[in-house]
Every structure is written in C-alpha cells, then in structure tokens.
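Just so it is clear, none of the values below were taken in a lab; they were calculated from the coordinates. Not measured: the values here are computed from a predicted model. Using ideal geometry, Cβ is built from the backbone for each residue, glycine included, and neighbour counts are taken over all protein chains shown.
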Amino acid sequence: MSAAPAGYGQALDLVTRVRGVRGAMLVSADDGIVVAEQLMEGIKGAAVAALAGSVASRLAEQGALLVVGAPSGILVVAVAEPDVNVGLVRLELLRAAEVVA
C-alpha cells in the first residue's frame, strides 16, 4: 500500500484539532475503505469507514446526513439538501439535542 498524499494528513489535522473530536477519517465513498485516518485508541476505524461509505453512497447525489448525539443517548439526525447551510443546521441540531437531553 502506498503512503497517503501529504494533503490527507493536513486535512485530518484540521479536523482533529477541534476540541472534542476523537478522530477523523478519509473514507472511499464507493467501497468504505479507509484512505487515511487519525483515530484515538478504541475507535474501530474499519467499522466506522464501512458505515460512512454506505450512508454517503445512498445520499451523495440527494443530500447530506448530519447527526448530533444528545446526552440522553438519542441521536438527532437531519437529512438535508446538497446545498444546505451546514453551520446553521448544526446549530439547530445542537439546540434540538438540548431539548431531548
């Protein structure tokens, strides 16, 4: 297996620097194979990659799937159009998660 391009590591660094992020992955949407990863111990990368690839392939042309977990264990999920304002949706998901906490 060849080494991942340097840009991949930089992309993962941008995500994993965010407080509270336990890991980041670049996953092939076609087959769910991990392209690059930076994960904390205990996170099963292959399982996450397979799920991400499956979900993305179903939504790729029709929108996006955004998920926020509430303290109660409930997942607040939004299925959105491809051109959605992701930041705004995220804020609303967080507010909704507080409600169902």
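Okay, here's what the table says:
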read-out	value
Most fluctuating residue given options LEU59, LEU88, LEU51, as computed from a GNM of the chain linking Cα atoms under 10 Å	LEU88
CD proxy at 222 nm, helix term only [per DSSP H run n ≥ 4: -39500 (n - 2.57); per residue of the chain; nearest 500]	-12500 deg cm²/dmol
Two-decimal ratio, the chain, of alpha-carbon radius of gyration to 2.2 N^0.38 Å	1.17
At 1.002 mPa s and 20 °C, Stokes D of region 1-46 from Kirkwood alpha-carbon radius, µm² per second	191
Amide proton proximity set for VAL27, modelled H, under 5 Å, gap of 5+	VAL35
Residues of region 1-43 with amide N under 12 Å of a point placed 7 Å along Cα→Cβ from ALA56	25-37
In order through region 69-83: 3J(HN,Hα) via Karplus (6.51 cos²θ - 1.76 cosθ + 1.60), integer Hz, x for Gly, Pro	x, 8, x, 6, x, 7, 9, 9, 10, 10, 9, 10, 5, x, 9
Value of Rg/Rh across region 31-73 [Cα atoms, Kirkwood radius]	1.03
Loop-located GluC sites (Glu not before Pro) in region 55-99, at most 11 other Cβ atoms within 10 Å (DSSP)	GLU61
